[in-house]
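The values are calculated or read from the model by the stated rules, or taken from the named source; none is laboratory data. In this text, all values refer to a predicted model and were calculated from it rather than measured experimentally. With ideal geometry, Cβ positions are generated from the backbone for all residues, glycine too; neighbour counts draw on all protein chains shown. Quick note on the areas: whole protein, heavy atoms, side chains included, nothing else; ligands and nucleic acids left out. Shrake-Rupley method; radii C 1.70, N 1.55, O 1.52, S 1.80 Å.
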Amino acid sequence: RRVHRGGPQSRSALTAATGLNRSTIGALVAELVECGLVEEGEPEATGSAGRPSPLVRASTDHVVAAAVDIGTKWLTVAIGGIGGTLVTRVHRETNNDGRPYEETIAELCDLLDEVVGDLLPTQHLFAVGIAAPGVVRAHDGFVHFAPNLGWREVNLGADLAAHLGDDIEVFVANEAHLGARAEHLRGAGAGVEDLIYLSSEIGVGGGTIIAGRLQLGADGYSGEIGHIPVNTGPDATSCRCGSVGCLEAETGALALLALTGHQHTDHLSDAVRGIIATAAAGDEDVQRSLHEIGVRLGRGLAGMVNLLNPRRIVLGGYFADAFEFLAAGIDAELAQHTLSPSRSGVTIVPAALQEDSALLGALEIALEPLLLDPARSPAAAA
């Protein structure tokens, strides 16, 4: 886990970090090499007397996992391994908004077969982690509701496991939960023990880290920040969840399109990028629209700051891309509606991992059983 999270480290550094003796570290590293999870490189030159300490680094030559991101307008499948690096990916723009569940899963299975078929002969697929934009039951990957896909009560984890076979475990989680996990481990929230993460596409999802731990709730349904009501007036926007005035409906990509006079399009990401580029070019009307999105977003975040007292708020998706135009509106709302001790201690930053936040989080959940028990490595069995 130390090599996975911290990158290449010498045996001597691992000895110092763990408190174990040199011979124990040597034996453990040898076992991990045998399991195909790490490799040893050239010794680290220290300039001091004695034999230099070999460098231990993660390896993806033998054991890998697949990470899947299911978006409203895309499917992405990537391959990665210990060390948290994505080494290959296949991305397909496809409209999953209202598409029959069976069609989306069939296409996803095709993409999985494609990336698995391209693995090297020495590589073994250990597990698959899936980021789904919906209300996901934590223990089995059952998706109760994914409003922006039109899914209700679908057994995503079991359906993909049936396609992949009994040897491959499948783990499914909410995409914003996974984004929060990845940003906390490797992104804009690294080193911060209390944070809120928001992602944005058509939907707005959220995840919270408290005392260094992702908060799932009793069944895994926590973090639905996008469905906090922020507008109860007569102009409140209808939300796909069935309510009105939700943060998602008021600040998501469709709200931005409406504020700037654009029509809903299958090429949503391109449209949003174009709007942000227009703002960057100096269009004051578009800048005002983005400022209004920031005000609405700040209204929702104010309650979260008062409730959870985070040290950092990380904004992903198009919120990250448009951060410079949203920040003033967010700050104004937080200044007006949050308690000053909590507000003074929180910073708001764009996500660092960009579109890979959910993918890297999906890779983490796929690898977690291997980090807990490296002896489960399929390379060791081979």
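So, of the residues in the range 94-109 that are free of Cβ contacts under 8 Å to residues at least 40 places away in the same chain and exposed (fewer than 14 other Cβ atoms within 10 Å of the Cβ), which turns out to be nearest to GLU368 (Cα to Cα)?
Top of the filtered list is ALA106.
For ALA249, work out the one condition from (1) of a type in the set (Gly, Ala, Ser); (2) open to solvent by less than 30 Å² (accessible area, probe 1.4 Å); (3) out of contact with any strand residue (DSSP E or B) (no Cβ under 7 Å at 6 or more places or on another chain) it doesn't fulfil.
(3)
Go through the range 203-217 and give me each residue that's surrounded by fewer than 24 Cβ atoms within 10 Å (Cβ to Cβ), assigned to a loop (DSSP other than H, G, I, E, B) and in contact (Cβ under 8 Å) with a residue 40 or more places away in the chain.
Passing the criteria: only LEU216.
Please indicate, with yes or no, whether at least one residue in the range 110-133 is surrounded by fewer than 22 Cβ atoms within 10 Å (Cβ to Cβ), in contact with a helix residue (DSSP H, G or I) (Cβ under 9 Å, 6 or more places away or on another chain) and over 25 Å from ILE82 (Cβ atoms).
no
Going residue by residue through the range 24-37, is there one that turns out to be assigned to a strand (DSSP E or B), open to solvent by less than 50 Å² (accessible area, probe 1.4 Å), farther than 30 Å from ALA106 by Cβ and at pLDDT below 95? Spell out the reasoning first.
If we filter the range 24-37 for residues that are assigned to a strand (DSSP E or B), which is where we start, we get none.
Taking every residue of the range 24-37 in turn, none turns out to be assigned to a strand (DSSP E or B), open to solvent by less than 50 Å² (accessible area, probe 1.4 Å), farther than 30 Å from ALA106 by Cβ and at pLDDT below 95.
So that you can scan it fast, the table gives a plain yes or no per residue for (1) surrounded by fewer than 22 Cβ atoms within 10 Å (Cβ to Cβ); (2) not small (Gly, Ala, Ser):
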position	(1), (2)
ALA279	yes, no
ASP285	yes, yes
LEU290	no, yes
GLY329	yes, no
SER340	yes, no
THR347	yes, yes
GLN354	yes, yes
LEU363	no, yes
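Can you name every residue in the range 55-112 that is touching a His at 6+ places or on another chain (Cβ under 7 Å) and either modelled with pLDDT under 95 or part of a loop (DSSP other than H, G, I, E, B) (or both)?
Those that are touching a His at 6+ places or on another chain (Cβ under 7 Å) and either modelled with pLDDT under 95 or part of a loop (DSSP other than H, G, I, E, B) (or both): HIS62, TRP74, ILE82, GLY83, GLY84.
Residue check: is ASN148 open to solvent by less than 40 Å² (accessible area, probe 1.4 Å) and not β-branched (Val, Ile, Thr)?
Yes: the conditions hold for ASN148.
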